[in-house]
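Participant: Structure incoming, see below.
The values are calculated or read from the model by the stated rules, or taken from the named source; none is laboratory data. Being a predicted model, the structure only gives us computed values, none of them experimental. In this analysis, Cβ positions are derived from the backbone assuming ideal geometry, glycine residues included, and neighbour counts consider all displayed protein chains. Just so you know, the surface numbers come from the protein's heavy atoms only, side chains and all, with ligands and any DNA or RNA stripped out. Shrake-Rupley method; radii C 1.70, N 1.55, O 1.52, S 1.80 Å.
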Amino acid sequence: GNSVTQMEGPVTLSEEAFLTINCTYTATGYPSLFWYVQYPGEGLQLLLKATKADDKGSNKSFEATYRKETTSFHLEKGSVQVSDSAVYFCALSGNTGNQFYFGTGTSLTVIP
Amino acid sequence: NAGVMQNPRHLVRRRGQEARLRCSPMKGHSHVYWYRQLPEEGLKFMVYLQKENIIDESGMPKERFSAEFPKEGPSILRIQQVVRGDSAAYFCASSPLGSGANVLTFGAGSRLTVL
């Protein structure tokens with residue numbers, strides 16, 4: 001079956017530090033992969049996505065590369081800001097494109 | 001173009017009452033998903049619907065919970081005889097018809113508190 005596993009939090013970083021949030025997946029076929037972000041008190045927002053192997057999704061200086069050989073989609077940012085404090089969810093959609101599977105979320109706090 | 005609209009944003013119920021949460025999908029979207037987020041936990045899939053049709057309800061508790069998406073009007077998640085453990089944020093998301101790398105668009109959530 002399909003599933004997503006992401007690193008447990010919470011993660012606390014100083015401003016301008018390098019961020020990595022690990023995400024691995026199990027899927028049949030060729031899923032699409034996503035990172036969503038949830039700011040306090042709000043719903044989830046799409047951060048970036050990748051639809052096939054070796055694709056790199058990027059947005060707001062966040063990046064993630066779809067690695068089929070390691071079944072991973074790790075989120076990275078070179079220099080985090082306080083405003084990046086949020087919960088980050090890794091997700092995949094199955095072959096039909098209409099079934100979505102989310103990880104448990106990783107809470108990030110960036111301190112000045 | 002309004003996004004996914006959920007109401008109420010906050011709902012307080014006493015044990016044993018009913019809770020009804022509404023979701024209007026984004027314009028042009030015909031698929032609706034409901035998720036539950038418990039405090040300090042991740043996002044749990046509940047149900048996936050198209051108009052007048054439940055596609056997947058594998059995440060719905062077998063009792064007290066039901067969902068519908070009528071031909072006209074919003075999707076409704078109904079919780080009967082609420083208990084304290086139902087206190088959570090309930091998120092609705094929608095996506096357009098069709099296969100491929102569809103993206104979910106989420107609403108801001110409805111936060112249910114059961115006293």
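Participant: I want to confirm something. Restricting to segment B:40-50 and keeping residues that are over 16 Å from B:HIS29 (Cα atoms) and more than 10 Å from the chain's Cα centre (by Cα), which single residue is surrounded by the fewest Cβ atoms within 10 Å (Cβ to Cβ)?
Facilitator: Here the answer is B:GLU40.
Participant: Here's another thing I want to ask about it. Test A:ALA17 against the criterion of being out of contact with any strand residue (DSSP E or B) (no Cβ under 6 Å at 6 or more places or on another chain) and hydrophobic (A, V, I, L, M, F, W, C), and give yes or no. Before you say what the answer is, go through the steps one by one.
Facilitator: Working: out of contact with any strand residue (DSSP E or B) (no Cβ under 6 Å at 6 or more places or on another chain): yes; hydrophobic (A, V, I, L, M, F, W, C): yes.
Yes: the conditions hold for A:ALA17.
Participant: Within segment A:39-57, track down each residue that is under 11 Å from the mean Cα position of the chain (by Cα) and within 16 Å of A:VAL80 (Cβ to Cβ). Spell out how you get there, then give the answer.
Facilitator: Here is the first cut: in segment A:39-57, the ones under 11 Å from the mean Cα position of the chain (by Cα) are A:46-50, A:57.
Residues satisfying the conditions are A:LEU47, A:LEU48.
Participant: Filtering segment A:79-95 down to residues that are of a type in the set (Gly, Ala, Ser) and assigned to a strand (DSSP E or B), which residue is farthest from A:PRO10 (Cα to Cα)? Working first, answer last.
Facilitator: Here is the first cut: in segment A:79-95, the ones of a type in the set (Gly, Ala, Ser) are A:79, A:83, A:85-86, A:91, A:93-94.
Still in the list and also assigned to a strand (DSSP E or B): A:86, A:91, A:93.
Values: A:ALA86: 10, A:ALA91: 18, A:SER93: 25 Å.
Filtering segment A:79-95 for residues that are of a type in the set (Gly, Ala, Ser) and assigned to a strand (DSSP E or B), the one farthest from A:PRO10 (Cα to Cα) comes out as A:SER93.
Participant: Grab the strands (runs of 3 or more DSSP E) fully contained in segment B:51-115, keeping just those with 1 or more residues being within 11 Å of chain A (Cβ to nearest Cβ) and surrounded by 14 or more Cβ atoms within 10 Å (Cβ to Cβ). Steps first, answer last, please.
Facilitator: Details: elements: B:53-56, B:65-68, B:75-79, B:88-96, B:110-114.
Those strands (runs of 3 or more DSSP E) span B:53-56, B:88-96, B:110-114.
Participant: For segment A:28-75, name all the residues that are open to solvent by 80 Å² or more (accessible area, probe 1.4 Å), closer than 29 Å to B:MET5 by Cβ and part of a strand (DSSP E or B).
Facilitator: Selection gives A:LYS49 alone.
Participant: Run A:GLU63 past the list (1) without any contact (Cβ under 8 Å) to a residue 40 or more places away in the chain; (2) within 22 Å of B:GLN37 (Cα to Cα) and report the number of the one that doesn't hold.
Facilitator: Unmet condition: (2).
Participant: Given the criteria in a strand (DSSP E or B), farther than 21 Å from B:GLN37 by Cβ, open to solvent by 70 Å² or more (accessible area, probe 1.4 Å) and modelled with pLDDT of 95 or more, does A:THR12 qualify? Don't jump to the end; show me each part of the working.
Facilitator: On the way: in a strand (DSSP E or B): yes; farther than 21 Å from B:GLN37 by Cβ: yes; open to solvent by 70 Å² or more (accessible area, probe 1.4 Å): yes; modelled with pLDDT of 95 or more: yes.
Considered against the rule, which asks whether it is in a strand (DSSP E or B), farther than 21 Å from B:GLN37 by Cβ, open to solvent by 70 Å² or more (accessible area, probe 1.4 Å) and modelled with pLDDT of 95 or more, A:THR12 comes out as yes.
Participant: Still on this structure, I have one more. Suppose we filter segment B:5-33 for residues that are open to solvent by less than 20 Å² (accessible area, probe 1.4 Å) and modelled with pLDDT under 95; how many remain?
Facilitator: Qualifying residue count for the region: 3.
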